[in-house]
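To start, the structure under review is shown below, and the notes come after it.
No lab work stands behind these numbers, since they all come straight from the coordinates. All values derive from a computational prediction rather than experimental measurement. Cβ: placed from backbone, ideal geometry, glycine included. Neighbour counts: every protein chain shown.
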Amino acid sequence: VAVLAAIVGIYAVKHGPQLIRSGTAKAVVLVAEAMLDELKIPADEKQAAMVPIRELGQKIREGKVSTEQAQKIGTLLGDGPLPTCLTLRAFELTYLAPSSLPAEEKKDGSLVISRFMQGLVSGRIEKARGEEVRAIVVEKKTGPDGKEVTELKKTISGDDLKRCLAIMKESADKANIEAKEFKIDLAAEIRRAIEQGLAQTPAAPEGEKK
């Protein structure tokens, strides 16, 4: 059974840098869909993001994706901005929106998150700054299989919320990121990684099945 690392960029939000090392084409779709649901991604964005994932799952079923290609896709997703940006989306919905901050501060916080995300995607803000934020909002637990997994905390303190926003604002200000709303195109990022992974690595031999 092929390594289904194609969804590692999404799965990494919950499980850290570890890869899914076995499974089926169906698992690619099911796990990706579950993760998007858990992160409260709006229905229209989720639907769009699932299109390239389902297409990949179909190619795996048809034996058109090699193990090496699946691993490369996973690496591209995991090393790209997608995991941190998904964490930031969850940060806004899970921590900022329900917080006790005044409405105006929440509005300012949303803009800060948007600027920070834009800087990460464009490369003007170092990925390490995103990891600083992520380190504050995740915790390590033991999964059902006994292995250690990394999950988003269900809640964070008001001090940690403000600390994260301060890191984001400082980074965005330093990088001169414009004060405007920015949304990452999840479907485009996923499709780009899939296309690059398929192009940069050998295809599956004729007749190879996953």
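Side notes on the structure shown:
- Under 5 Å between amide hydrogens, built in the peptide plane, is the criterion, and for Ile41 it picks out nothing among residues at least 5 positions away or on other chains.
- Segment 90-181: GluC sites (Glu not before Pro) in DSSP loop, at most 12 other beta carbons within 10 Å: Glu178, Glu181
- Taking 0.36 nm per residue of separation and subtracting the Cα-Cα distance, full extension of the segment from Lys162 to Glu178 would add 3.7 nm.
- Per-pair calculated FRET efficiency, R0 = 30 Å: Leu93 and Arg54 via Cβ, rounded to 0.05: 0.80
- Between Asp79 and Ala128, the simple label model (points 7 Å from Cα in the Cβ direction) yields a spacing of 1.8 nm.
- Anisotropy class of segment 95-210 from Cα gyration tensor, a/c 1.5 cut: oblate
- For segment 192-199, backbone phi angles converted through the Karplus equation (6.51, -1.76, 1.60; θ = phi - 60°) give residue-by-residue couplings of 4, 5, 5, 5, 5, x, 5, 7 Hz, Gly and Pro being listed as x.
- Rounded FRET efficiency, nearest 0.05, which uses the C-beta distance separating Ser100 from Arg192 and R0 of 30 Å: 0.20
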